[in-house]
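Input: a single structure, listed below in structure tokens.
What follows draws every value from the coordinates through simple rules; no lab data is involved. Small disclaimer: the values here were computed from a predicted structure and weren't measured. Using ideal geometry, Cβ is built from the backbone for each residue, glycine included, and neighbour counts are taken over all protein chains shown.
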Amino acid sequence: METIIEVVIKDEPRKEKEKLIMAQTTTSKTGGRARREILSLALAVTFVAAALVLLASTPALAATSVVQDTDREHTQYGTWMFSEDPGASGGWMATTRTAGSTAALKFKASRVAWKTITYDGGGITDVFLDRKKVSSFDGYSTGDPQYDVTGFSSRGSSDGRHTLELLATGTKRPGTFGDVFSTVDRFLVGGASIEEDSLKVTYDGWAGKANSRASGGTPTERAVRRRSAPLAACSAGPRSI
């Protein structure tokens with residue numbers, strides 16, 4: 001009887017010790033998992049804070065920029081782009097290098113002229129008056145760019161409504177090298193000068209009109225309108241004006 005009691009007494013502390021070790025192990029695992037979760041949360045907070053600091057210190061990211069249709073530096077109609085040049089009328093010009101691109105001006109006068117710029121990157125532009133091909137202009141020249149060059153002019157037409165259209169051919173005169181740009185600097189209608197960004201000028205079907213509800217308080221907008229048959233199909237050969 002004494003032996004049994006002695007065995008039981010000796011066995012109880014060992015079981016309690018084992019329970020204590022198991023409890024400590026479980027607590028250790030739980031604590032390790034909690035520390036990892038806390039560390040992950042801290043890293044996430046740090047990343048978000050760093051991103052917010054970057055956002056606040058970068059103007060381009062901190063605010064959304066609104067680009068109006070009158071901002072020639074960031075606006076393009078069809079394939080026509082606006083380029084800044086101090087030698088151009090008004091300091092800007094419209095250019096394209098894509099064959100088949102068009103620029104059109106509807107007017108009511110007996111006189112009209114297209115003013116352009118020539119340089120070694122100029123290409124050939126076909127000119128149409130009232131849907132008939134009347135001329136081809138070579139925009140190539142050597143040396144410094146030549147400004148306020150008359151690409152086409154017409155006098156003596158009736159005072160009715162007319163349309164002057166320019167067609168970029170994407171070609172150059174044989175024997176010349178460089179790019180093939182067609183350039184619009186401005187138009188002259190009667191005694192008035194019409195700059196390349198005027199709403200009266202249509203680029204690749206983008207026509208302008210007044211709209212008092214336009215963004216930015218600018219009462220203008222451009223929208224694509226359906227064009228008639230391609231100019232190349234309307235060519236009837238050059239004729240004198």
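Just a few scattered comments:
- Ordering of 133-142, 194-203 by packing [mean C-beta count within 10 Å, highest first]: 194-203, 133-142
- When the C-alpha to C-alpha distance is required to be over 18 Å, the pairs from Lys106/Lys172; Lys132/Lys172; Lys132/Lys200; Lys106/Lys133; Lys172/Lys200 that qualify are Lys106/Lys172; Lys132/Lys172; Lys132/Lys200; Lys172/Lys200.
- A Cβ-based charge dipole, computed about the Cα centre of segment 163-212 with Lys and Arg at +1 and Asp and Glu at -1, lands at about 120 debye.
- Near Ile124, once Lys and Arg are set to +1 and Asp and Glu to -1 for all other residues with Cβ below 11 Å from its Cβ, the sum equals 0.
- Arg111 sits among other residues whose Cβ lies under 12 Å from its own Cβ, and their net charge, with Lys and Arg +1 and Asp and Glu -1, is +1.
- By other beta-carbon atoms within 10 Å, ranking Lys132, Lys172 with the fewest at the front produces Lys132, Lys172.
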